[in-house]
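Heads up, the thing below is written out as structure tokens.
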Amino acid sequence: MTLALFRKFIPLIRATENPTVSLQESLVGKKALIVGKGSIGSKIADPLKVFGVEVSFFERGDDLHAKLADKDLVINALNSNSTSKNLLDEKSFASMKPGSYFISFVRPYTYSLQGLLNSIDKNIVAGAAIDCDPEKFGDTQNAFYQKALANPKVLVTPHVAFSTKQAVANGAEIAIQNIEKTIADEPQNILVKV
């Protein structure tokens, strides 16, 4: 999705006519903020760095709006808990760098879809990519998905980012390890509400 946003690949997929060639943005030298430095967020940095992106993280206690101000790309990798609810609100999107992009593949209550859409309409955020996460996998009829889909500057998928054989196997392995550690009175991967 990052490459699709910066390089504008989507309209060129399965092109049937010779496209007008226009130069797009490279990722080299861009600044990305990953909001959430958990097990997934910390791994997202590696492929971005390969493309020459300068990566930083938002962690609890940081000034979010200050961190958003100069970033070309913001990736929402927040864990869904009471402290992350609506963390990325309308004010957050309004404080983003004009022309920046937003990507999210986590529960929608960590950010304000309306705030994101408003910032796109005001030409602050240039576009977004969202793997919508309604309660039902693949649901394209829910109101959240339809609202995101209605904006042509939002690339939207129906909660399919997780759908790989490896992700399911990894999830099962983590669950088994958590159970074994809990039985051994050494619990791991504990979420703590602050």
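The values are calculated or read from the model by the stated rules, or taken from the named source; none is laboratory data. Keep in mind that what you see is a predicted model, and the values were worked out from it rather than measured. Please note: Cβ atoms are built from the backbone with ideal geometry, for glycine as well, and neighbour counts cover all protein chains shown. Surface areas here come from the heavy atoms of the whole protein model, side chains and all, with no ligands, DNA or RNA. Shrake-Rupley method; radii C 1.70, N 1.55, O 1.52, S 1.80 Å.
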Those residues of the range 117-133 which are over 15 Å from the mean Cα position of the chain (by Cα) and open to solvent by 20 Å² or more (accessible area, probe 1.4 Å), in sequence order = ASN118, ASP121, LYS122, ASN123, ILE124
From (1) touching a residue at least 40 places away in the same chain (Cβ under 8 Å); (2) loosely packed, with under 13 Cβ neighbours inside 10 Å; (3) within 30 Å of ASN189 (Cβ to Cβ), pick out the condition that doesn't hold for GLY61.
-> (1)
Run down GLN146, GLN141, GLN166, GLN114 and say which single residue is among the polar types (S, T, N, Q), open to solvent by 30 Å² or more (accessible area, probe 1.4 Å), at pLDDT below 90 and not in a loop (DSSP other than H, G, I, E, B).
-> GLN166
Of the residues in the range 69-107 that are under 18 Å from ILE40 (Cβ atoms) and out of contact with any strand residue (DSSP E or B) (no Cβ under 8 Å at 6 or more places or on another chain), the one that is surrounded by the fewest Cβ atoms within 10 Å (Cβ to Cβ) is THR83
Could we say that SER56 is in a loop (DSSP other than H, G, I, E, B), on the phi < 0 side of the Ramachandran plot and of a type in the set (Gly, Ala, Ser) here?
-> no
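From SER42, SER22, grab the single residue that is polar (S, T, N, Q) and either under 18 Å from the mean Cα position of the chain (by Cα) or open to solvent by less than 60 Å² (accessible area, probe 1.4 Å) (or both).
SER42
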So how many residues does the range 1-19 have that are open to solvent by less than 50 Å² (accessible area, probe 1.4 Å) and either assigned to a loop (DSSP other than H, G, I, E, B) or farther than 30 Å from ILE174 by Cα (or both)?
-> 3
